[in-house]
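For reference, the structure is listed below as structure tokens.
The values are calculated or read from the model by the stated rules, or taken from the named source; none is laboratory data. Keep in mind that what you see is a predicted model, and the values were worked out from it rather than measured. Virtual Cβ from ideal backbone geometry, glycine too; neighbours counted across all protein chains shown.
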Amino acid sequence: MALRLLQHRGAGGKRSVILADGAQAWFLPGVESVRALALEAIAAGQSLADTATARGKGDAVDIAAEFEAGTLLAPIDHEDDAHVLLTGTGLTHLGSAEGRDKMHKEAAAAEAKTDSMRMFLEGLEGGKPAPGAEGQQPEWFYKGDGSQLIGSNVPFAMPDFAKDGGEEPELAGIYIIGGDGTPYRLGLALANEFSDHVTERHNYLWLAHSKLRQASLGPELLIGELPAHVEGTSRLLRDGQTVWEKPFLSGEDNMSHSIANLEHHHFKYDLFRRAGDVHVHFFGTATLSFTDGVQTQEGDVFEISAAPFTLPVRNALTRAAPAPVAVKAL
């Protein structure tokens, strides 16, 4: 099984990094964050996997038990939240246009393709260019900075003005920018990109508003070769009972865009190549409970699982308290 890195916070707030290989896992001696380990790998000109394994083995750890105890953090962060950017791309998966088109078709004439469908078809035609060629650019959105990134077992707090809080089971690419401006992909994390689909359905130009929300990452950072096929399950639990469940597919074999094309159209902007910054880039999904007519409720729990990850992304749904905004003139 592929190697995974996890971040752990123990008693007194002490941080550690765990390396997992199959069913075995151990603490990495002298490492406090995945970001620090990645910068060490860049400086040494090594892969992240080689840098991690060279650290040797500390104490063995049961990551499933640590997950249930709530000691595992999101697998990437930065001591300054302003240097973490959460972004993503939509309409990237085979079948992903169906749900979006259902939301938007009322805004278009019956005989006309919606803008969402047009974008999906353009990606289907040009989203996987030959190596070295530039492909069709995808839909792109901004979610926020590192303050909006949470780990598993931490509740989502949808804004008090939100119309909806809905899951989006995805893979997220995790990146760090080297000192010379080169983006380095550290690996993939299982993610819940979490959006307000009711707001988006009202008018697709409100997509940007629907995305300015928290997002969650599973505790494992999958490093090494990218899996071409990922198959998982997204479920919604209410009062401990599953009220909706559906399989989802991801990985490049199930996408209309290549990962390289999505990366190119994100990092082509120089403001996204600032040394030291961390990027969490969500690759999209084709599976939503919302498109099946499910209305989420406060207290619901989202749970997303997929191999080769061994731990799920699990988050309850809450609503934040009202926070009135008053702008003052100076």
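Among the residues of segment 112-127, just one is under 21 Å from residue 251 (Cα atoms), among the small types (Gly, Ala, Ser) and surrounded by fewer than 17 Cβ atoms within 10 Å (Cβ to Cβ), namely 126.
Here is the figure for segment 2-18: residues that are small (Gly, Ala, Ser) and within 17 Å of residue 56 (Cβ to Cβ) total 1. Within segment 218-253, being within 15 Å of the chain's Cα centre (by Cα) and of a type in the set (S, T, N, Q) holds for 234, 250. Do we have residue 47 as among the hydroxyl-bearing types (Ser, Thr, Tyr), within 30 Å of residue 271 (Cα to Cα) and surrounded by 14 or more Cβ atoms within 10 Å (Cβ to Cβ) here? So residue 47 fails the test.
If you take the residues in segment 129-176 that are among the β-branched types (Val, Ile, Thr) and touching a strand residue (DSSP E or B) at 6+ places or on another chain (Cβ under 6 Å), which one is nearest to residue 311 (Cα to Cα)? Only one residue tops the list, namely 150.
Of the residues making up segment 176-194, those that are closer than 21 Å to residue 235 by Cα and aromatic (Phe, Trp, Tyr) number 1. Let me confirm something: among 318, 296, 285, 310, which residue is farther than 29 Å from residue 130 by Cα, crowded, with 18+ Cβ neighbours inside 10 Å and out of contact with any Leu (no Cβ under 8 Å at 6 or more places or on another chain)? Answer to the check: 310. One residue stands out in segment 169-201 among those that are touching a His at 6+ places or on another chain (Cβ under 8 Å) and among the hydroxyl-bearing types (Ser, Thr, Tyr): the one that is farthest from residue 83 (Cα to Cα), namely 199.
Being closer than 24 Å to residue 313 by Cβ and touching an Asp or Glu at 6+ places or on another chain (Cβ under 9 Å) is the filter here; which residues of segment 202-217 pass it?
Taking segment 202-217 as the starting set, the residues that turn out to be closer than 24 Å to residue 313 by Cβ are 207-217.
Correct list: 207, 209, 210, 211, 212, 213, 215, 216.
The set of residues in segment 50-61 being free of Cβ contacts under 8 Å to residues at least 24 places away in the same chain and either surrounded by fewer than 17 Cβ atoms within 10 Å (Cβ to Cβ) or aromatic (Phe, Trp, Tyr) (or both) consists of 50, 54. Inclusion of residue 246 among residues that are among the charged types (D, E, K, R) and surrounded by fewer than 12 Cβ atoms within 10 Å (Cβ to Cβ) is not warranted. Return yes or no: is residue 300 modelled with pLDDT under 95 and assigned by TED's automatic domain parsing to the domain that holds residue 126? Spelling it out, it is not the case that residue 300 is modelled with pLDDT under 95 and assigned by TED's automatic domain parsing to the domain that holds residue 126.
Just to be sure before I move on: is residue 318 assigned to a strand (DSSP E or B), over 16 Å from residue 170 (Cα atoms) and of a type in the set (Val, Ile, Thr) in the structure I sent? Against the criterion (assigned to a strand (DSSP E or B), over 16 Å from residue 170 (Cα atoms) and of a type in the set (Val, Ile, Thr)), residue 318 qualifies. Put simply, of 294, 325 the only residue that is in a loop (DSSP other than H, G, I, E, B), at pLDDT below 95 and either within 14 Å of the chain's Cα centre (by Cα) or farther than 30 Å from residue 9 by Cβ (or both) is 325. Close Cβ contacts (under 9 Å, 6 or more residues apart or on different chains) running from residues in segment 293-309 that are without any contact (Cβ under 8 Å) to a residue 24 or more places away in the chain to residues that are crowded, with 18+ Cβ neighbours inside 10 Å and in a loop (DSSP other than H, G, I, E, B) comprise 298/165.
Considering every residue within segment 223-240, establish whether at least one is at positive phi and either touching a Ser or Thr at 6+ places or on another chain (Cβ under 6 Å) or not acidic (Asp, Glu) (or both). Scanning segment 223-240 turns up at least one residue that is at positive phi and either touching a Ser or Thr at 6+ places or on another chain (Cβ under 6 Å) or not acidic (Asp, Glu) (or both). Residue 275 satisfies every condition listed in (1) aliphatic (A, V, I, L, M); (2) farther than 21 Å from residue 186 by Cα; (3) modelled with pLDDT of 95 or more; (4) part of a loop (DSSP other than H, G, I, E, B) except (2).
Does residue 236 count as of a type in the set (A, V, I, L, M, F, W, C), in a loop (DSSP other than H, G, I, E, B) and either outside the structural domain of residue 6 (by TED's automatic domain parsing) or surrounded by fewer than 23 Cβ atoms within 10 Å (Cβ to Cβ) (or both)? No; evaluated as a whole, the condition is false for this residue. Every condition in (1) touching an Asp or Glu at 6+ places or on another chain (Cβ under 8 Å); (2) of a type in the set (S, T, N, Q); (3) at pLDDT 80 or above is met by residue 114 except one, and the failing one is (3). Close contacts from segment 198-217, counting a first residue that is closer than 19 Å to residue 77 by Cα and a second that is in a helix (DSSP H, G or I), with Cβ to Cβ under 6 Å and a gap of 6+ residues or different chains, come to 214/148.
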